[in-house]
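The next block holds one structure in the form of structure tokens; read it before the comments.
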């Protein structure tokens with residue numbers, strides 16, 4: 001189903017096997033990402049946000065440095081000011 005959604009074509013048996021293997025190999029989430037997802041789901045505004053916002057959230061989460069904070073947005077120890 002994922003292949004069909006991404007490509008618009010029905011996958012061959014080999015493509016299905018390759019995609020399944022790749023997803024299994026790369027399917028583990030780092031602990032900080034799991035905590036971030038849990039925090040988002042528990043947020044009251046998440047329940048009322050648009051579907052597109054919910055779909056785009058994982059993309060934005062992968063772009064965040066894992067050591068970032070409001071005063072150190074790049075996670076490199078430099079202050080914002």
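Taking other C-beta atoms within 10 angstrom as a stand-in for reagent exposure, 54, 31 fall in the order 31, 54, fewest first. The overall shape of the range 1-67, judged from the alpha-carbon gyration tensor, is oblate: a/c is not under 1.5, and a/b is no greater than b/c. Rounded to 0.05, the FRET efficiency of the residue 20 and residue 62 pair, given R0 = 30 Å and the Cβ-Cβ distance, is 0.90. Multiplying the residue separation of residue 31 and residue 9 by 0.36 nm and subtracting their alpha-carbon distance yields 4.5 nm.
Every read-out reported here was derived from the displayed coordinates using simple, explicitly stated rules and does not represent laboratory data. Only a predicted model underlies this, so the values are computations on that prediction, with no experimental measurement involved. Ideal geometry is used to build each Cβ from the backbone, glycine not excepted, and the neighbour counts take in all protein chains shown.
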